[in-house]
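Each remark here refers to the structure printed beneath this line.
The values are calculated or read from the model by the stated rules, or taken from the named source; none is laboratory data. Every value quoted in this text rests on a predicted model; they were computed, and no experiment measured them. Here the Cβ positions follow ideal geometry from the backbone for every residue, glycine too, while neighbour counts run over all protein chains shown. These accessible areas exclude ligands, DNA and RNA; they are computed on the full protein's heavy atoms, side chains included. Shrake-Rupley method; radii C 1.70, N 1.55, O 1.52, S 1.80 Å.
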Amino acid sequence: DLLWWAAPVVHVGKFHGVGPVTADKMKALDIHTGADLRAQSLAFLQEQFGKSGAWYYAIARGEDDRPVRPDRQRKSSGSETTFSEDLTSPAEIEAGVRAMADDVWAWCEKHEVFGQTVTVKIKYADFRHVTRSRPLQAPIVTRDQLHEVSVALVQSVYPATMGIRLIGVSISKLCLTSAAVTGSP
């Protein structure tokens, strides 16, 4: 089975750890896709990229030996969904945003954590995507406030020139309830 990160259509610039300069160097070596990278030997990649060669060899094969850290502090929470039919009307789009915001709000309430930055992600029918973010002075402490900010962000892309396939809402710059209520960091 060919894994997504080694699929022929995935450009090497999308791989973790491959920045623009490295992507350009790979392009000069005729390495354009995950499949091209996977076809290279470890020795060749180490010769061309030094210590990083082993990393590129491993990621092209879906190998990552870094330890999983499940207890690390969360920096954001979000929810997104792909719709079975593209959304075209403002009412449909805003209902989708509210639904994703409800999922985020449920997480915030459950964990008693609130955030100060709201981000809305939109993917169009042609797979182009845009994001809109709004940092706030204080954490959002009500569902209605999260709805208001999320809807305002999606309205900033109106009129929608084509159907919307995916909507996501996330919240970041998190703080605990006591900090949210008192306004302290």
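Identify the trypsin sites (Lys or Arg not before Pro) of the stretch 101-149 meeting these criteria: DSSP loop state and at most 12 other C-beta atoms within 10 Å of the C-beta.
Taking the stretch 101-149 and a limit of 12 other Cβ atoms within 10 Å, the loop trypsin sites (Lys or Arg not before Pro) found are Arg128.
Given q = 0.10, 0.19 Å⁻¹, what are the Debye log10 I(q)/I(0) values for the stretch 60-166, with equal point scatterers placed on the Cα positions and solvent ignored?
Normalising to I(0) and taking log10 leaves -0.35, -0.96.
Give me the Debye-computed log₁₀ of I(q)/I(0) at q = 0.13 Å⁻¹ for the chain, equal point scatterers on Cα only, no solvent, two decimals.
-0.85
Would you please name the GluC sites (Glu not before Pro) within the stretch 1-107 that are DSSP coil residues with at most 14 other C-beta atoms within 10 Å of their C-beta? Please report the intermediate quantities before stating the final value.
Details: sites: Glu47, Glu63, Glu80, Glu85, Glu92, Glu94; in loops: Glu63.
Passing sites in the stretch 1-107 are Glu63.
How far is it, in nm, from the label point at Ser41 to the one at Asp24 when both lie 7 Å from their Cα along the line to the Cβ?
The modelled label-to-label distance comes out at 2.9 nm.
Rounded to the nearest Å, what's the spacing between the alpha carbon centres of the stretch 51-94 and the stretch 126-145? Just the number, please.
Using only Cα atoms to place each centre, the spacing works out to 18 Å.
Subtracting the Cα-Cα distance from 0.36 nm times the residue separation, let me have the gained length for Arg74 to Asp86 in nm, one decimal. Don't skip to the end; give the middle numbers.
Details: separation 12, 0.36 × 12 = 4.32 nm, distance 3.16 nm.
Net length gain for the segment: 1.2 nm.
For the stretch 87-185, which chymotrypsin sites (Phe, Trp or Tyr not before Pro) are in a loop by DSSP, counting at most 15 other Cβ atoms within 10 Å? Don't jump to the answer; show the numbers that get you there.
Numbers: sites: Trp105, Trp107, Phe114, Tyr124, Phe127; in loops: Phe127.
Loop-located and lightly packed - Phe127.
Pairs of alpha-carbon atoms within less than 8 angstrom and 6+ residues apart define the contacts here; what relative contact order does the stretch 1-158 have, in percent? Walk me through the intermediate numbers first.
Numbers: 152 pairs, mean separation 24.7, N = 158.
The value is 16 percent.
With a 1.4 Å probe and every protein chain left in place, work out the accessible area per residue of the chain in Å², rounded to a whole number.
Working: 11270 Å² over 185 residues.
On a per-residue basis, the chain sits at 61 Å².
Just the number, please: carbon plus sulfur as a percent of the accessible area of the chain, 1.4 Å probe, no ligands or DNA/RNA counted.
Working: 5900 of 11270 Å².
C and S fraction of accessible area: 52 percent.
List the pairs from Lys75/Lys121; Lys110/Lys173; Lys14/Lys121; Lys27/Lys51; Lys123/Lys173 whose alpha-carbon separation is above 21 Å, in the order I gave them. Before the final figure, lay out each step's value.
On the way: Lys75/Lys121 17 Å; Lys110/Lys173 17 Å; Lys14/Lys121 19 Å; Lys27/Lys51 19 Å; Lys123/Lys173 24 Å.
As for pairs spanning more than 21 Å Cα to Cα, those are Lys123/Lys173.
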